[in-house]
1. From the set of residues in the stretch 181-197 that are charged (D, E, K, R) and closer than 13 Å to A135 by Cβ, which is modelled with the lowest pLDDT?
2. Failed condition for A96, given (1) touching a Lys or Arg at 6+ places or on another chain (Cβ under 8 Å); (2) more than 22 Å from F33 (Cα to Cα); (3) buried (at least 19 other Cβ atoms within 10 Å of the Cβ), with all others met?
3. Could you check T101 against (1) in a strand (DSSP E or B); (2) modelled with pLDDT under 95; (3) among the polar types (S, T, N, Q) and say which number it fails?
4. Report every pair of residues separated by at least 6 positions or lying on different chains whose Cβ atoms are under 7 Å apart, first residue within the stretch 151-168 and at negative phi and at pLDDT below 75, second loosely packed, with under 15 Cβ neighbours inside 10 Å and in a helix (DSSP H, G or I).
5. Starting from residues that are small (G, A, S) and in a strand (DSSP E or B), keep the ones in the stretch 118-154 and report whichever is surrounded by the fewest Cβ atoms within 10 Å (Cβ to Cβ).
6. State the number of residues belonging to the stretch 136-150 that are in contact with a strand residue (DSSP E or B) (Cβ under 6 Å, 6 or more places away or on another chain) and either more than 17 Å from L182 (Cα to Cα) or of a type in the set (S, T, N, Q) (or both).
7. Regarding the stretch 118-130, can at least one residue be identified that is of a type in the set (A, V, I, L, M) and under 21 Å from N41 (Cα atoms)?
Amino acid sequence: MRNTLTLAAILLLAGNLSGCAIQHRIADNYVSFLQTHPSSNPLPKTNAVVAYDLTESTRNHHYEFRSVLVGYAHVWIVEIAKMLDDTLASKDVQQAFGKLTRSADLKNADIAVKFDLKRYEFTDYSAQMTMNITATRAGREIVNRDYIGVGTPQGAKFALGPILTGPLLVREAFQLSTQSALDTILAAFVADLQKVPG
């Protein structure tokens, strides 16, 4: 029995140290995740009609995370542009605005909004991000602020994931924590829009 356990440990270590990476793209099923995991904190509401776009660096964002706890051969890839687009298209967020659409041409928008991701990290099993959001109306800047979102810690899912469901629970941990960080940022942004005189 001891030899079997030793062999299993050696194989696990060899797999973790090998160059073969098992990639998990967190955004791949994020739309269905949002449908089954509505936000626990509804956003404040605004009647603003908003068109938005992402900066080039945000569109090209790519973050990789490995953890010895779940096996170092696993690479968790976060691409915030797709997750942000899916979040903004979700029922929870759409209901918070008079209208919210993505557009590459913001010139004719009532309120034009630009999202610029400054930082995304998964630290202490929590998504942590800084997002600069600017909003302009008729060429005049009405909001320009760096918003900070810290997602709900998901250490338990990292500890239990390899035992219970493997990568599925760990993927959900990334999604839940990133969702809550984005919700914090969007709630603060909508609250700032509410303060802008009509």
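The values are calculated or read from the model by the stated rules, or taken from the named source; none is laboratory data. Given the structure is predicted, the values throughout are model-derived calculations rather than measurements. Note that we place each Cβ from the backbone using ideal geometry, even for glycine, and neighbour counts take in every protein chain shown.
1. Among them, the one singled out is K195.
2. (2)
3. With respect to (1) in a strand (DSSP E or B); (2) modelled with pLDDT under 95; (3) among the polar types (S, T, N, Q), T101 is out only on (2).
4. Here the result reads F158/L69; A159/L69, each pair linking the stretch 151-168 to a residue that is loosely packed, with under 15 Cβ neighbours inside 10 Å and in a helix (DSSP H, G or I).
5. Filtering the stretch 118-154 for residues that are small (G, A, S) and in a strand (DSSP E or B), the one surrounded by the fewest Cβ atoms within 10 Å (Cβ to Cβ) comes out as S126.
6. Number of matching residues: 5.
7. Yes, the stretch 118-130 contains a residue that is of a type in the set (A, V, I, L, M) and under 21 Å from N41 (Cα atoms).
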